[in-house]
Amino acid sequence: MKLKSIDIALISVFAALFYLLTLLPGIPIIGGKGKIELAAAIAPIFGIVLGPWRGALAALFGSSIAWILPPGSPDPFSGLLILAPTISSLVAGLFTTRNVGRLYGWQFSSLILGGLIALWYLTWIGIRAFYYPIMHIAGLALMLIIRSKASEYLLSPSRIKNSLAVIAASYCGIVSDHMVGNLAFIFSLGWLIPLEAVSGWLKSLGLPDIPSLFIYVMPISFMERLVMLLIAAAVGIPLIAAVKSYKLPGISE
């Protein structure tokens, strides 16, 4: 993909927007610790509006800046999480792209999410917590059912079809982001995340092992993704309607 000056400008603007969103307080998680980052919720919209490659680059640069500059924490584990919004934007953008080379965009997006799910089941935690990726499997099923209709709906003059495409693609991007975070946590155990710290979490929650921790947080994870999807839809649907006439890369023929 050759980047033109307009592409570089769009990527730069959206990367800056991503960083600015990380400065906002976010939404507190009810019943859990931490907050829902608005930037993570908006990342799929980057891919839908700019196209998969430009959107992913914008999310990559934006999250990298947020990792390096305050209020980020440039530690190695947080560095791995830069991939989460990048993959989210890429998956959403591919899902709403008609063709990528000789293949359909939805085929690439389903391969990425399917590969992430497969990686989950290749870990000992994934084998023990085998029904944890139900949200992610639902996203993969959505791709396989809708297929090319996502790109057709995004280009349709119907506002309802536009909205359905944004919601479906955003959901698949959000659960891809989530699985990248899960895998980063698992692969960092004993390396970037001390096992002593994890043992302390398990003891404080009265849980026997790490797979039980994932099962324990399933309801919180579900509520997080639901709120993130609502944010993405609230921003993405009117944004697509507003910029459609400008023929941006992700929403043009």
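Computed quantities for the displayed model
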{"item": "Cα gyration tensor category, rounded, prolate or oblate, for region 5-251 with a/c compared to 1.5", "result": "prolate"}
{"item": "Computed E for Ile27/Phe222 - FRET, C-beta separation, R0 25 angstrom, nearest 0.05", "result": "0.95"}
{"item": "Highest-fluctuation residue, Phe214, Phe14, Phe95 considered, GNM on the chain with Cα pairs under 10 Å", "result": "Phe214"}
{"item": "Per-residue ³J(HN,Hα) for region 71-82, Karplus 6.51 cos²θ - 1.76 cosθ + 1.60, θ = phi - 60°, Hz, x for Gly and Pro", "result": "x, x, 10, x, 9, x, 5, 4, x, 5, 6, 4"}
{"item": "Relative exposure of Trp67, Trp120, Trp106, judged by other C-beta atoms within 10 Å (fewest first)", "result": "Trp67, Trp120, Trp106"}
{"item": "Within a Gaussian network of the chain (alpha carbon springs, distance under 10 Å), most fluctuating of Ser63, Ser109, Ser221", "result": "Ser221"}
{"item": "Rounded, prolate or oblate (a/c below 1.5 giving rounded, otherwise prolate when a/b exceeds b/c) for region 1-130 by Cα gyration tensor", "result": "oblate"}
{"item": "Two-site label geometry, Trp124 and Ala16: point separation in nm, points 7 Å out along Cα→Cβ", "result": "4.9 nm"}
{"item": "Residues Val217, Val49 arranged by fewest to most Cβ contacts within 10 Å", "result": "Val217, Val49"}
{"item": "Burial ordering of Leu94, Leu23, Leu57, fewest other beta-carbon atoms within 10 Å first", "result": "Leu23, Leu57, Leu94"}
{"item": "Cβ-based charge dipole, region 154-253, positive-most Cα from Ala197, Ala165, Val243", "result": "Val243"}
{"item": "Pairwise Lys count, region 5-251 - Cα closer than 20 Å, eight or more residues apart or different chains", "result": "6"}
{"item": "Dipole in debye (nearest 20) - region 1-90, about Cα centre, beta carbon charges: Lys, Arg +1; Asp, Glu -1", "result": "140 debye"}
{"item": "Loop trypsin sites (Lys or Arg not before Pro), region 36-107, which have at most 14 other Cβ atoms in a 10 Å radius of their Cβ (DSSP)", "result": "Arg98, Arg102"}
{"item": "Rounded, prolate or oblate (a/c below 1.5 giving rounded, otherwise prolate when a/b exceeds b/c) for region 176-230 by Cα gyration tensor", "result": "oblate"}
{"item": "Dipole magnitude of region 5-251, debye to nearest 20 (Cβ charges: Lys/Arg +1, Asp/Glu -1, about Cα centre)", "result": "720 debye"}
{"item": "Ordering of 189-202, 169-182, 142-155 by burial proxy (mean other Cβ atoms within 10 Å per residue, highest first)", "result": "169-182, 142-155, 189-202"}
{"item": "Relative contact order for region 5-251, counting Cα pairs under 8 Å that sit 6 or more residues apart, in percent", "result": "25 percent"}
{"item": "Principal-axis tilt of helix 5-22 within the chain, Cα atoms, nearest 10 degrees", "result": "40 degrees"}
{"item": "C-alpha long axis of helix 83-95 to longest principal axis of the chain, angle in °", "result": "40 degrees"}
{"item": "In Hz, Karplus ³J(HN,Hα) per residue of region 106-114 (6.51, -1.76, 1.60; θ = phi - 60°; x = Gly, Pro)", "result": "5, 5, 5, 5, 5, 5, 5, 5, x"}
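Laboratory data are not the source of any read-out in this text; all were calculated from the coordinates shown. Since we're looking at a predicted model, the values are computed, not measured. Cβ sites come from the backbone with ideal geometry, for glycine too, and all protein chains shown count toward neighbours.
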